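Below is one structure, written out as C-alpha cells, with a few remarks after it.
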Amino acid sequence: MTAVEKPMETVARHRYARLSPQKCRLVADLIRGKSVDEALRVLRFCEKDAARIVRNVLESAVANAEHNRGADVDVLRVVRVTVDEGPRLRRFHARARGRSNVIIKRTCHVTVAVDAR
C-alpha cells in the first residue's frame, strides 16, 4: 500500500440512537480491533442495551462489505468504532411552586467501519 492509497473501509451508521453516548462507548470499546466473528460473539452475550444497537450496526457494515465490495466475511476486522454525541432532547418536569426541572434525553451516532486486513 502506498502513502496515498487508503484502505477500503466499509462503514455503517446508526444516527440519533436514543442512548447515552457514554453508555454506548463502554460497549464500543469491547469490539474495537477484533475480528467480526469475535466481535459478534462478544456483543451477543453482553447484557447492556447498547450491545443490541452496536451489533445491528456491525451486522449492517458486514453486509455492506459483502454486497458492495464483494469482501470475504471470514477475514473482516472491526477497524473503527466511534460513538459521537447527537442532539439532546429537552423535556421539562413540573416542580413545586411553579418551577420546573430540565430532563435531558441524550442521543448518539454510532459508526462502525470494517476492513479486510
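The table for this structure:
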| read-out | value |
| --- | --- |
| Some residue of the range 99-110 being under 23 Å from A17 (Cβ atoms) and either among the aromatic types (F, W, Y) or without any contact (Cβ under 8 Å) to a residue 12 or more places away in the chain (or both) | no |
| Any hit, the range 68-76, residues being among the hydrophobic types (A, V, I, L, M, F, W, C) and out of contact with any helix residue (DSSP H, G or I) (no Cβ under 8 Å at 6 or more places or on another chain) | yes |
| Residue pairs meeting the criteria (Cβ under 6 Å; at least 6 apart or on separate chains; first within 15 Å of D29 (Cβ to Cβ) and in contact (Cβ under 8 Å) with a residue 60 or more places away in the chain, in the range 72-85; second in a strand (DSSP E or B) and not hydroxyl-bearing (S, T, Y)) | V79/A113; V79/D115; R80/A113; V83/C108; V83/V110; D84/H109 |
| Selection from the range 64-115 of residues that are of a type in the set (K, R) and either surrounded by 16 or more Cβ atoms within 10 Å (Cβ to Cβ) or not in a helix (DSSP H, G or I) (or both) | R69, R77, R80, R88, R90, R91, R95, R99, K105, R106 |
| Subset of the range 43-63 (residues that are surrounded by fewer than 16 Cβ atoms within 10 Å (Cβ to Cβ), more than 11 Å from the chain's Cα centre (by Cα) and either polar (S, T, N, Q) or in a helix (DSSP H, G or I) (or both)) | R44, F45, D49, A63 |
| Test: residue in the range 75-95 that is touching a Pro at 6+ places or on another chain (Cβ under 9 Å) and farther than 15 Å from R15 by Cα | yes |
| Failed criterion for V27 (all others in (1) buried (at least 16 other Cβ atoms within 10 Å of the Cβ); (2) among the β-branched types (V, I, T); (3) touching a strand residue (DSSP E or B) at 6+ places or on another chain (Cβ under 7 Å) hold) | (3) |
| Hits in the range 15-40 (condition: touching a residue at least 24 places away in the same chain (Cβ under 8 Å), among the hydrophobic types (A, V, I, L, M, F, W, C) and part of a helix (DSSP H, G or I)) | C24, L26, V27, A28, I31, V36, A39 |
| Scan of the range 66-91 for residues that are modelled with pLDDT under 90 and of a type in the set (K, R), ordered by number | R69 |
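The values are calculated or read from the model by the stated rules, or taken from the named source; none is laboratory data. Please read all numbers here as calculations on a predicted model, not as lab measurements. Cβ sites come from the backbone with ideal geometry, for glycine too, and all protein chains shown count toward neighbours.
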